[in-house]
Amino acid sequence: MTSKDQIAAKVQHYFEHQVATLKSSEYYLKLLAMPPLKRWATLTGLFLLSQVVVFGLLYLIFGKIVVIGFFASILAGLATGVGALPALFFTKISKNLFNSMLGAAAGVMLAATAFSLLVPGMTYGNVVWPGNGIYVVSLGMLVGALFLHYADRQLPHVHFDSISDIHLSSLKKVWLFIIAITIHNFPEGMSVGVSFGSGDMKNGIVLAVAIALQNLPEGLAVALPLVGLGYNKWRAVAIATITGLVEPVGGLLGITMVTLFEPILPIAMGFAAGAMLFVISEEIIPETHSDGRSRYATFALMIGFIIMMVLDNLLG
């Protein structure tokens with residue numbers, strides 16, 4: 001067994017062990033014993049209480065902009081779960097449709113990177129370091145790409161181009177792919193946080209929408225192989241949703257970092273842009289052309305780019 005297989009097996013075992021532990025706990029058994037209406041009311045109440053505590057603390061410590069940015073990164077992450085919902089009804093989709101979805105996601109990310117990260121990053125850079133904004137942002141881009149390159153090498157996973165038939169042949173391979181999605185969601189969440197941290201609400205909203213749209217095909221790419229390998233459909237959707245919930249962690253880190261240390265904002269925006277461009281070039285576009293040229297994916301990329309460009313202009 002290779003090291004990748006071993007780590008994938010450990011991740012799968014850890015997840016299943018945690019689920020088993022939860023199901024055997026005293027509180028979980030008491031919750032199951034409740035009438036359905038009372039059970040859901042209790043869960044809803046606990047969830048809302050936890051959110052009041054978290055958002056209340058963020059507001060008191062950092063202010064309104066951090067709360068809004070964190071909430072936006074949560075919604076963007078949850079879009080992964082929304083994208084996984086078709087797995088409840090289908091076990092397979094056409095290759096052309098999947099390539100088109102990924103192509104559109106790449107176009108959306110490219111436009112968001114250009115108009116919501118690089119352009120404002122250079123503007124802020126020129127304010128902090130007059131005349132040198134482009135160089136500061138460029139440095140951040142290289143650091144962001146190198147960070148993803150290092151993570152890509154150190155953390156075992158499989159790439160998008162390993163799922164060309166949508167159904168992975170091995171459960172271990174599925175979990176390696178889930179690790180890959182999780183790795184790439186962190187800098188995406190960070191980009192949302194950094195954008196809100198700049199104080200420009202428009203850029204933050206545009207980027208959050210872009211990341212949410214990009215997460216839709218990723219959620220489907222996680223859920224479909226799990227369903228195809230016998231996982232419960234709702235459980236597959238839940239796992240896909242969890243992969244997206246690493247984004248609020250990156251979002252909170254990004255927004256608090258640039259809020260507390262404003263001079264690093266141009267570098268942080270360049271870092272997020274570089275990381276996103278790395279994902280687009282390394283993962284998404286190669287997958288859309290894994291079977292050769294795909295005209296569907298090419299036009300979908302252009303349409304995705306135009307949609308985000310228009311949205312950025314309208315909100316501007």
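Data overview
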{"quantity": "Residue that is out of contact with any Ser or Thr (no Cβ under 6 Å at 6 or more places or on another chain), closer than 25 Å to Ile267 by Cβ and open to solvent by 70 Å² or more (accessible area, probe 1.4 Å), where the choices are Lys30, Lys64", "calculated": "Lys64"}
{"quantity": "Cross-chain or 6+ apart pairs with Cβ under 6 Å, the range 258-275 first and of a type in the set (Phe, Trp, Tyr), then open to solvent by 10 Å² or more (accessible area, probe 1.4 Å)", "calculated": "Phe271/Val143"}
{"quantity": "Pairs, first farther than 18 Å from Tyr231 by Cβ in the range 1-26, second at pLDDT 70 or above, C-beta under 9 Å, six or more apart", "calculated": "Ile7/Ile179"}
{"quantity": "Test for Ala105: is it open to solvent by less than 10 Å² (accessible area, probe 1.4 Å), modelled with pLDDT under 90, part of a helix (DSSP H, G or I) and in contact with a Pro (Cβ under 7 Å, 6 or more places away or on another chain)", "calculated": "yes"}
{"quantity": "Matching entry among Leu229, Leu260 (being more than 21 Å from the chain's Cα centre (by Cα), hydrophobic (A, V, I, L, M, F, W, C) and within 26 Å of Ile205 (Cα to Cα))", "calculated": "Leu260"}
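Table: residues versus (1) at pLDDT below 80; (2) open to solvent by 70 Å² or more (accessible area, probe 1.4 Å).
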site: Met276; (1), (2): no, no
site: Glu282; (1), (2): no, yes
site: Gly292; (1), (2): yes, no
site: Gly304; (1), (2): no, no
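The values are calculated or read from the model by the stated rules, or taken from the named source; none is laboratory data. Computed from a prediction, not measured in an experiment: that's the story for all the values here. Here Cβ is always computed from backbone atoms with ideal geometry, including for glycine, and neighbour counts include all displayed protein chains. What goes into the accessible areas is simple: the full protein's heavy atoms, side chains included, and nothing from ligands, DNA or RNA. Shrake-Rupley method; radii C 1.70, N 1.55, O 1.52, S 1.80 Å.
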